[in-house]
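Asks: Encoded as structure tokens, here's the structure I'll be asking about.
Every number in this text was worked out from the coordinates using simple rules, so none of it is lab data. On a predicted model such as this, the values are computed, not experimentally measured, just so you know. All Cβ positions, even for glycine, are placed from backbone atoms using ideal geometry, and neighbour counts span all protein chains on display.
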Amino acid sequence: MSFSLEEVLRRVRRTNYKTMQAWFHESDSLADNLTTLFYRITAGRIPASIIPLLTAGRGVAIPKPSRIGLRPVVVGNIILRFVGTLALVQKSAEITKFILEPKPLQFAVGLAGGCELMGAAIGALLS
């Protein structure tokens, strides 16, 4: 999967990522290099040493409604979130076909923690 600079620029202009909009303000060498980085991320061709930087997130503590304890929320790095958006947009027809044809797939319906189960299953498959 690869992205053209034009695809990236179109998607950046439709986001609220101010940092990303600043990086892609002009179609220049920075924009070209970042587009190449996005391709390398999707291809799994990045140095292992920078993976922790890409997977890091900012933690925020939000009080629980019962006022007993805090709920930790981590907001992931915008680069990976943006690359994921690019990939999903590019592959949306294939994803829709997989999920809806020949009949809609439903996973873990009516199970407590069903979403977590599916997430774990997908993670195991990808590993």
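Asks: Work out from phi, with θ = phi - 60° and the Karplus expression 6.51 cos²θ - 1.76 cosθ + 1.60, the ³J(HN,Hα) of each residue of the stretch 59-67, listed in order in whole Hz, and give x for Gly and Pro.
Replies: Values, residue by residue: x, 9, 9, 10, x, 6, x, 6, 6 Hz.
Asks: Ok, one more. Running a GNM on the chain with Cα contacts under 10 Å, which residue among L117, L88, L54 ends up with the highest mean-square fluctuation?
Replies: Maximum fluctuation in the GNM of the chain, among the listed residues, is at L117.
Asks: Among N33, C115, A87, whose Cα projects farthest towards the positive end of the dipole of the chain, with charges put on the beta-carbon of Lys, Arg (+1) and Asp, Glu (-1)?
Replies: Positive-most Cα among the choices belongs to C115.
Asks: Taking the 0 to 90 degree range and rounding to the nearest ten, how far is the long axis of helix 78-90 tilted relative to the main principal axis of the chain, both from C-alpha atoms?
Replies: Roughly 90 degrees between the two axes.
Asks: Let me ask something else. Charges at C-beta only: +1 for Lys and Arg, -1 for Asp and Glu. How large is the resulting dipole of the chain about its Cα centre, in Debye rounded to 20?
Replies: That gives the chain a dipole magnitude of about 500 debye.
Asks: Which order, highest average first, do 118-127, 27-36 follow once you tally other Cβ atoms within 10 Å for each residue and take the mean per peptide?
Replies: Order by mean packing, descending: 27-36, 118-127.
Asks: Could you list, bin by bin from short to long, the percent of Cα-Cα pairs of the stretch 85-127 in 10 Å steps?
Replies: Going from the shortest bin to the longest, the percentages are 24, 40, 34, 1.
Asks: In Å³ and rounded to a whole number, note down the convex hull volume per residue for the Cα atoms of the stretch 5-90.
Replies: 121 Å³
Asks: With just the Cα atoms defining each centre, how far is the stretch 72-93 from the stretch 1-40? Give it in Å.
Replies: 13 Å
Asks: Still on this model: Only helical DSSP H runs with n ≥ 4 go in: add -39500 (n - 2.57) per run for the chain, normalise by residue count and round the 222 nm mean residue ellipticity to 500 deg cm²/dmol.
Replies: -16000 deg cm²/dmol
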